[in-house]
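The values are calculated or read from the model by the stated rules, or taken from the named source; none is laboratory data. As the structure is a computational prediction, the values presented were derived from the model and not from experiment. Positions of Cβ are backbone-derived with ideal geometry, glycine not excepted, and every protein chain shown enters the neighbour counts. Each accessible area value is taken on the protein alone, full model and side chains, heavy atoms only, with ligands, DNA and RNA left out. Shrake-Rupley method; radii C 1.70, N 1.55, O 1.52, S 1.80 Å.
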Amino acid sequence: MSAEGANDRPLKATIIPVTPLQQNCTLLWCTATMRGAFCDPGGDLHLLKAAAQQHGVTVEKILLTHGHIDHCGSAGILAEELGVEIEGPHEGDRYWIDRLAEDGAKYGVPGRPFESNRWLADGDQVTVGNLTLDVRHCPGHTPGHVVFHHPESNLALVGDVLFKGSVGRWDFPHGNQQDLLRSITTRLWPMGDETAFVPGHGQMSTFGYERATNPYVSDAALATA
């Protein structure tokens, strides 16, 4: 795509893997205003700040998909340093956020509990610059997991609900396999096969590709379950 064509896109994003768990933190921004947000800043804050500076983005908020240490261990610290607010996840993940310090010591990742400025619920919307993203509550990996969707860009940030070729774990405390599968099939698939998604770990994919090939949630796999 030409530079001129790229500038016509209302949303741009870059992925910065952070923490020893290589969690995909996403810096997304509105190209009209150059105002942006970090989604799931789990750690390595120097890398995140450098990315924002490199792309000329003014970060105005932090978005969180869920409360696991690699996704939000440093969210409260970064919010203080940047003077911004935190939106997300769903309040069902208070359990995980309250134990960030304990889990941080376990995984060797800095973790500090915080209070979200805005707990999110299914059907809510969040704004980044002039962009509006839809919020879907997708429990199963954790009870308070949410997904962010920008329909105009056919892009979703799905955290640890779905991966290329796999799905999120459900064996953590308060995880639930049936809830996870239901979240994927009733909340993600209706976003459309053409929708690309950023998972919490690993490579991007599309919902259509996963419906055709994913061994856990492809249409064929679910039909024989």
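Give me the percent of the accessible area of segment 38-123 that comes from carbon and sulfur atoms, probe 1.4 Å, all protein chains in place.
Working: 1690 of 3540 Å².
Accessible surface attributable to carbon and sulfur in segment 38-123 totals 48 percent.
Starting from 0.36 nm per residue, how many nanometres of slack lie between residue 46 and residue 106 once their C-alpha separation is accounted for? Intermediate values should be presented prior to the final figure.
Values: separation 60, 0.36 × 60 = 21.60 nm, distance 2.22 nm.
This chain segment gains 19.4 nm when fully extended.
Can you tell me how much longer the chain between residue 14 and residue 32 gets when fully stretched, taken as 0.36 nm per residue apart minus their C-alpha distance, in nm with one decimal? Each step should come with its number before you reach the end.
Details: separation 18, 0.36 × 18 = 6.48 nm, distance 1.65 nm.
The residue 14-residue 32 span can extend by a further 4.8 nm.
For segment 88-166, what does the accessible surface come to per residue with a 1.4 Å probe? Please give it in Å². Intermediate values should be presented prior to the final figure.
Numbers: 3070 Å² over 79 residues.
Averaged over the residues of segment 88-166, the accessible area is 39 Å².
Run the quick spin-label model on residue 115 and residue 130: label points 7 Å from Cα toward the beta carbon, then report their separation in nm to one decimal.
3.6 nm
Limiting things to C-alpha atoms, what are the Rg and the maximum Cα-Cα separation (Dmax) for the chain, in angstroms?
Considering the chain through its Cα atoms, Rg and Dmax are 16.5, 50 Å.
Ordered by packing density, taken as the mean number of other Cβ atoms within 10 Å over each peptide's residues, highest first, how do 64-72, 28-36, 215-223 rank?
Values: 64-72: 29.1, 28-36: 19.2, 215-223: 13.7.
Output ranking for 64-72, 28-36, 215-223: 64-72, 28-36, 215-223.
How long is the gain from residue 172 to residue 194 if the chain were fully straight, where each residue apart is worth 0.36 nm and the alpha carbon distance is subtracted?
Values: separation 22, 0.36 × 22 = 7.92 nm, distance 3.07 nm.
Full extension from residue 172 to residue 194 adds 4.8 nm.
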